[in-house]
Amino acid sequence: MGYFLYPLGAMLLWAGNVIVSKLSATTIAPSAITFYRLVLALAVMTPFVIRPLARNWGHIRPQLAKLGFLGFLSMSFYQSLSYLAAHSTTATNMAIVTALAPLLTLLWSVVLLREPPTLGMLVGGLLSLAGLVYLIGQGHPSQLLDGGVHLGDVLMLIASASYGLYSVLLRRWHVAVPPAQSTYVQAWAALVTMIPMLALVPAGQAQLNTATVPLVLYAGLGASILLPILWIQGIRHLGPNRCSMFINVLPVMTAAIAVVLLGERLHTFHLIGGGVALAGVFIAQRWQRPLPGFGTAPENPA
């Protein structure tokens, strides 16, 4: 009873993180905030995780390469691209593109898990693509041929694809490590990959000050620790399929906050393009009839 508050709370924190990404675009370099949030998250987690991890090290050690790559995908590559995307697109666009992650996860499942493609993937994928083109073209798709696509939207799409790959690899590899220990090792791997990136950042763009510290605190505590805890609890009580549907509310929450805090304007093309794209995601997840000639659809979609 009330278990829906777990994924709903996670989406609210995720929406807040999109806003933080946008606010950080003018105050701190993407590599710097990614590095600092990891340092903070590890500092908070260490007292609680280090002893159980040490006792379980013999089991974790053979999984280090896999955990390291997972950490790079979700905590380094995805986050850095998100912060970088915020320089050239709106928070509302970022949230809508992020909400395509479940669809991209399904596509990765076909490639890596050999799960048969479904009619829902085909129809939903085409519908989401149409909605995305309408959104990025600001209601005039033909303008994309003249003005091109905003770099931020492309970066956000790549980031969402990387998160989809992370989700599928998590299933494929079956890394049997307790969630807290897995997250901790992944965070260390991500931190290591961020060190050379931070070294390339000009000193003036990596400073911690009154403008950047609150952003790092939110990203390190709210988005890196509390959000995963709420999401894991939601999956535990509601299941992954029901939880994944809550991602559809991410653009709504983000847009509402962006209008209030960032002064962004909500346009008709956001409602139409975003709505069509999210409808495509819903269809892809729910319509499980296999495409002719591809066998039986899986019982549990990615």
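The values are calculated or read from the model by the stated rules, or taken from the named source; none is laboratory data. None of the values given here were measured: they were computed from a predicted structure. Note that we place each Cβ from the backbone using ideal geometry, even for glycine, and neighbour counts take in every protein chain shown. For accessibility, only protein heavy atoms count, side chains too; no ligands or nucleic acids. Shrake-Rupley method; radii C 1.70, N 1.55, O 1.52, S 1.80 Å.
Some values worked out for this structure:
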{"quantity": "Residue list for region 203-217, restricted to those being surrounded by fewer than 19 Cβ atoms within 10 Å (Cβ to Cβ), touching a residue at least 12 places away in the same chain (Cβ under 8 Å) and in a helix (DSSP H, G or I)", "calculated": "Q205, L217"}
{"quantity": "Selected residue (only one of S167, S142 is more than 19 Å from the chain's Cα centre (by Cα) and open to solvent by 30 Å² or more (accessible area, probe 1.4 Å))", "calculated": "S142"}
{"quantity": "Checklist (1) in contact with a Pro (Cβ under 8 Å, 6 or more places away or on another chain); (2) over 16 Å from L132 (Cβ atoms) applied to G274, failing item", "calculated": "(2)"}
{"quantity": "Out of L70, L38, sole residue that is closer than 21 Å to A161 by Cα, surrounded by 19 or more Cβ atoms within 10 Å (Cβ to Cβ) and not β-branched (V, I, T)", "calculated": "L70"}
{"quantity": "Evaluation of V177 against (1) in contact with a His (Cβ under 9 Å, 6 or more places away or on another chain); (2) under 22 Å from A256 (Cα atoms); (3) assigned to a loop (DSSP other than H, G, I, E, B) (one fails), failing number", "calculated": "(2)"}
{"quantity": "Residue within region 93-100 that is surrounded by fewer than 23 Cβ atoms within 10 Å (Cβ to Cβ) and part of a helix (DSSP H, G or I) present", "calculated": "no"}
{"quantity": "Helices (runs of 4 or more DSSP H) contained entirely in region 225-278, each with at least 1 residues that are over 30 Å from Y184 (Cβ atoms)", "calculated": "250-257"}
{"quantity": "Failed criterion for M197 (all others in (1) more than 18 Å from the chain's Cα centre (by Cα); (2) closer than 22 Å to L13 by Cβ; (3) part of a helix (DSSP H, G or I) hold)", "calculated": "(2)"}
{"quantity": "Unmet requirement for T27, which otherwise passes all of (1) open to solvent by 10 Å² or more (accessible area, probe 1.4 Å); (2) assigned to a helix (DSSP H, G or I); (3) farther than 26 Å from L135 by Cα; (4) touching a residue at least 60 places away in the same chain (Cβ under 8 Å)", "calculated": "(2)"}
{"quantity": "Evaluation of L127 against (1) in a loop (DSSP other than H, G, I, E, B); (2) in contact with a helix residue (DSSP H, G or I) (Cβ under 9 Å, 6 or more places away or on another chain) (one fails), failing number", "calculated": "(1)"}
{"quantity": "Of all residues in region 34-61 being polar (S, T, N, Q) and assigned to a helix (DSSP H, G or I), the one that is nearest to L84 (Cα to Cα)", "calculated": "T34"}
{"quantity": "Check on L135, in contact (Cβ under 8 Å) with a residue 24 or more places away in the chain, touching an Asp or Glu at 6+ places or on another chain (Cβ under 9 Å), closer than 30 Å to Q288 by Cβ and open to solvent by less than 10 Å² (accessible area, probe 1.4 Å)", "calculated": "yes"}
{"quantity": "Any hit, region 201-209, residues being at pLDDT below 85 and among the aliphatic types (A, V, I, L, M)", "calculated": "yes"}
{"quantity": "Single residue of V192, V185 found to be β-branched (V, I, T) and surrounded by 15 or more Cβ atoms within 10 Å (Cβ to Cβ)", "calculated": "V185"}
